[in-house]
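I have placed the structure first, in the form of structure tokens, so that the comments after it can refer back to it.
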Amino acid sequence: MKIRAGYDIGYDCLGPTPMLLVLSIRPERLPDLLTPQIMAVTPDVPVSVYHDQFGNTCHRLLAPGGPIRFSADFTISDSGEPDVVVLDAEQHGIEHLPDDTLLFLLASRYCETDVLMDVAWQEFGRVQGGWRRVQAIVDYVNDRIQFGYHHARLDRTANSAHVDRLGVCRDYAHLAIALCRCMNIPARYCTGYLGDIGVPLVPPMDFSAWMEVFIGGRWYIFDPRNNRPRIGRILQGYGRDATDVAISTSFGAALLTKFEVVADEV
């Protein structure tokens, strides 16, 4: 299948403002592009590209004072297959985990494993490890949090989401990630495009957050917000939590003035 994806995002900066952007798709998806993925910047300013410690593609620039706009429009090929489900994927003992997964067992800015440890073991300690334990965690988070865009809060952590029982997709992901890590299952935060393909249309469109967990010898997708296999995910980046893959990080005052995202089947 073909998916048209892109964004149109604007900011108003009070003065010259250094910015970091994570708006490109992951390098692994570049071979799937059918049209170029080019970020247009208005006004035209120098932009450099680098790859962070996780291999995400990042853009770096100095935004001038006043309005600045970032946009892209591209078409990408996708398998059209839903997220993989492997019920017998087993949990690994920590001593058997690959070195590069260990970082995703640790507490991070939005995922306070120390605070949630007792809750995790009380709720999931008796659940069979591996896929079924992760699914139990996802079910718990999906049932516990009430979704609403008006519930968005930049400083809400996994424990805050657990207590408040409110949030958006990033809060679902943070809580599920923290609970998985408490149970010694590596879990990482993912962000990208997820259009309403194969499901009822639910506007407005936004970038989405989900998680990947390492069980059965590889990383698998789990989506605490939707809690069902979905079609057409386009990964932009992953990290320990939302801090690592924020779509923009501004080192100065930058007011968001426009935010449009598209991901539609062609």
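The values are calculated or read from the model by the stated rules, or taken from the named source; none is laboratory data. This one's a predicted model, so the numbers in the text were calculated from it and none came from an experiment. For neighbour counting, all protein chains shown are included, and Cβ atoms are generated from backbone atoms with ideal geometry for every residue, glycine included.
Computed quantities for the displayed model
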| read-out | value |
| --- | --- |
| Residue in the stretch 168-178 that is among the aromatic types (Phe, Trp, Tyr) and buried (at least 24 other Cβ atoms within 10 Å of the Cβ) present | yes |
| Out of 188, 153, 181, 230, sole residue that is out of contact with any Gly (no Cβ under 9 Å at 6 or more places or on another chain) and charged (D, E, K, R) | 181 |
| Flag for residue 188 being closer than 17 Å to residue 22 by Cα, buried (at least 22 other Cβ atoms within 10 Å of the Cβ) and in contact with a helix residue (DSSP H, G or I) (Cβ under 8 Å, 6 or more places away or on another chain) | yes |
| Enumeration of residues in the stretch 256-266 that are farther than 19 Å from residue 79 by Cβ and either of a type in the set (Val, Ile, Thr) or in a loop (DSSP other than H, G, I, E, B) (or both) | 257, 261, 262 |
| Count - residues of the stretch 86-118 that are surrounded by fewer than 16 Cβ atoms within 10 Å (Cβ to Cβ) and either over 16 Å from residue 214 (Cβ atoms) or in contact with a Cys (Cβ under 6 Å, 6 or more places away or on another chain) (or both) | 4 |
| Filter result (modelled with pLDDT of 95 or more and among the polar types (S, T, N, Q)) within the stretch 89-136 | 91, 101, 108, 113, 122, 135 |
| The stretch 199-222 - residue that is out of contact with any Gly (no Cβ under 8 Å at 6 or more places or on another chain) and at pLDDT below 95 and, of those, nearest to residue 127 (Cα to Cα) | 199 |
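For every residue, the table says whether it meets (1) among the acidic types (Asp, Glu); (2) surrounded by fewer than 18 Cβ atoms within 10 Å (Cβ to Cβ); (3) more than 11 Å from the chain's Cα centre (by Cα).
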residue	(1), (2), (3)
202	no, yes, yes
212	yes, no, no
216	no, yes, yes
227	no, yes, yes
235	no, no, no
250	no, yes, yes
259	no, yes, yes
265	yes, yes, yes
